[in-house]
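**Student:** What follows is a structure written as structure tokens; I'll ask about it next.
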Amino acid sequence: MTQKIAIAGSGFAGFWAAVSAMRAITLAGKVGEIDVTMVSPTPNVTIRPRLYEAVLDNMSPDISAQLAAVGVEHLAGLVEHIDAENHTLTVAKAGGQKVTLAYDRLVLATGSQLFVPAVPGFAEYGFNVDTLENAQRLDAHLKALADKPHSAARNTAVVVGGGLTGLESAAEMPQRLRDVFGREAEVRTVIVDTAPEVGAGMGAEPAAVIRQALAECGVETRAGVRVTAIDAQGVTLSNGERIAANTVILAAGMRANPLTAQIPGERDGSGRIIGDAFLRAPSAAGVFVTGDTVKAATDDAGNHNVMSCQHAMSLGRVAGHNAAAELAGLPVHPYSQPKYVTCLDLGPWGALYTEGWDRQVRFTRQEGKKIKREINTQWIYPPAADRDALFAVANPDFVIVP
């Protein structure tokens, strides 16, 4: 009887889990005995780390050819329910029909979603770059501002959140506004962060570089405060300051996909399942968790993965391999990713590249920007639809770093 591996999600982790699983099945000579099915609304990988950019071309490449090349079936639908005890998924297909999919191994790779604080007005008036659709909505909004009467609010954007997405969005925004209103237009961008200093989460040395870059890009900072209300004309901060703005972009952090709540086991504050060394969900037999749905040790020094494509790609390879290895009789592979780098795009100023968990600054400005362009346009995109080429980089030991 054919055994089934279900991959829930087609993001970075889901794509590489599917390819890695088929690689292991092929190595074990089990093609035809173990099937791999990916479940996602469409066979696309959204290039989420780039959605802060002004140009949104090629941000959701079709992976149908790659899946076909390695022998993965795609089921167009959305996983609504996981029955971990009985090893079944309830999938809502595009037309509304619901089907039950049985699995021998499940790889949960459904990613994460934007955290929206319980602040009046965020849902109604806020924008974000969490999904391609929302990034396109923001872009359309910015371009439509040119048709509005001139005002301080029209020419102002506020970014809420000082994490990587917030910083990248803020650094790009002055130029994006000038592209709408003209090179000489007076525009204003403000980034608001609850941390004592903007960029503090990156460490003292990188934070100083970030603040210098933001200043050169024309971005104002408001640190140690939070947004208490938002409406169509601006935001109110916890210190009482009112900032008139027609554009408010929320980048207040991520939470694991709600499907993780259907998997028994311990979770972290972001809703991620605490995985074992092989990315199993310890309290759910046959379930592997990967990408933004798992918290796993990257090394023996106490570090854990963050919600990033850098970690998701490697986590996907390991989870997919291990799901197949358990069925195919191959050795399972422990997850390890000791090298950690950060490359932060800071608009016209350039980019900041750091190495290590202590984020030692290695490259800045245009040197950093060159690395960032390579990451954004080459390293994170799926390879061509060639089985051998895909398998070559689906090895669970394979890591792409500068």
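**Student:** Separation between the Thr194 and Gln175 pseudo-spin-labels, each 7 Å from Cα along Cα→Cβ, expressed in nm?
**Tutor:** Each label point is offset 7 Å from its Cα along the Cβ direction, giving 3.1 nm.
**Student:** Now, a different point. Counting heavy atoms of the protein chains only and a 1.4 Å probe, report the per residue accessible area for the chain as a whole number of Å². Please list the in-between numbers first.
**Tutor:** Numbers: 16640 Å² over 402 residues.
Value for the chain: 41 Å² per residue.
**Student:** For Leu56 and Val31, compute 0.36 nm times the residue count separating them, minus their Cα-Cα distance, and round to one decimal in nm.
**Tutor:** Stretched fully, the Leu56-Val31 segment lengthens by 5.2 nm.
**Student:** Now for a separate question. Pairing the Cα long axis of helix 132-144 with the longest principal axis of the chain, what angle in degrees results, from 0 to 90 and rounded to the nearest 10?
**Tutor:** Computed tilt is about 20 degrees.
**Student:** Let me ask something else about it. Take the alpha carbon atoms of the stretch 86-128, find their center, do the same for the stretch 284-311, and report the distance between the two centers in whole angstrom.
**Tutor:** The two parts, judged by their Cα centres, are 19 Å apart.
**Student:** Give me, ordered by chain and number, the residues 5 or more places off Arg362 or on other chains with an amide H under 5 Å from its own placed amide H.
**Tutor:** Amide H neighbours of Arg362, under 5 Å, 5+ apart: Tyr353, Thr354, Glu355.
**Student:** Between Glu85 and Arg373, what is the FRET efficiency for a Förster distance of 35 Å, r being their Cβ-Cβ separation, to the nearest 0.05? Please report the intermediate quantities before stating the final value.
**Tutor:** Working: r = 47 Å, r/R0 = 1.35.
Working from the Cβ atoms, E equals 0.15.
**Student:** Ala244 to Ala392: extension gain in nm, 0.36 nm per residue of separation minus the Cα-Cα distance?
**Tutor:** Value of the extension gain: 48.0 nm.
**Student:** Taking the alpha-carbon set of the stretch 120-215, what are its Rg and Dmax in Å?
**Tutor:** Values for the stretch 120-215 (Cα only, Rg and Dmax): 14.2, 42 Å.
**Student:** Beyond a 32 Å Cα-Cα separation, which of these cross-linked pairs lie in this structure: Lys295/Lys369; Lys143/Lys372; Lys148/Lys369?
**Tutor:** Lys148/Lys369
**Student:** What does the accessible area of Lys369 come to, in Å² to the nearest 10, when a probe of 1.4 Å is used?
**Tutor:** Result for Lys369: roughly 30 Å² accessible.
**Student:** A follow-up question, please. Can you check what the Kirkwood hydrodynamic radius comes to for the stretch 280-390, Cα pairs only, in Å to one decimal?
**Tutor:** Computed over Cα pairs of the stretch 280-390, the Kirkwood hydrodynamic radius comes out at 16.0 Å.
**Student:** Between beta-carbons, use under 12 Å as the cut-off and find the net charge around Ile191, counting Lys and Arg +1, Asp and Glu -1.
**Tutor:** Once positives and negatives cancel, what remains is -2.
**Student:** Apply the Debye scattering formula to the stretch 235-313, with a single equal point scatterer on each alpha-carbon and no solvent, then give log10 I(q)/I(0) at q = 0.12, 0.15 Å⁻¹.
**Tutor:** Log-scaled intensity ratios, in q order: -0.47, -0.60.
**Student:** Okay, moving on. Please report the base-10 log of the normalised intensity I(q)/I(0) for the stretch 29-137, using a Debye sum with one equal scatterer per alpha carbon and no solvent, at each q in 0.12, 0.16, 0.19 (1/Å).
**Tutor:** After summing over all Cα pairs, the log10 values are -0.58, -0.94, -1.14.
**Student:** Can you give the extra length, in nm with one decimal, that the chain gains between Ala123 and Gln3 once fully stretched, where that is 0.36 nm per residue apart less the Cα-Cα distance?
**Tutor:** 38.9 nm
**Student:** Of all the stretches in the chain, which is the longest one without any exposed loop site, taking GluC sites (Glu not before Pro) in a DSSP loop (any state but H, G, I, E, B) with at most 14 other Cβ atoms within 10 Å?
**Tutor:** After excluding every exposed loop site, the longest remaining stretch is 267-402.
**Student:** With everything on Cα atoms, drop me the angle between helix 309-328 and the longest principal axis of the chain, reported from 0 to 90° to the nearest 10.
**Tutor:** 10
**Student:** 222 nm [θ] for the chain, helices only, -39500 (n - 2.57) per DSSP H run of 4+, per residue, to 500?
**Tutor:** Calculated from helices alone, the mean residue ellipticity at 222 nm is -8500 deg cm²/dmol.
**Student:** Can you give me the three principal axis dimensions of the chain from its C-alpha atoms, in Å, biggest first?
**Tutor:** 68, 47, 38
**Student:** Taking amide H positions as placed in the peptide plane 1.01 Å from N, state which residues far from Gln3 in sequence (5 or more) or on other chains have amide H under 5 Å from it.
**Tutor:** Ile34, Asp35
The values are calculated or read from the model by the stated rules, or taken from the named source; none is laboratory data. It should be emphasised that the depicted structure is a prediction, and the values quoted were computed from it without experimental measurement. Cβ: placed from backbone, ideal geometry, glycine included. Neighbour counts: every protein chain shown. Note: accessible area is taken over every heavy atom of the protein model, side chains too, but ligands, DNA and RNA are not part of it. Shrake-Rupley method; radii C 1.70, N 1.55, O 1.52, S 1.80 Å.
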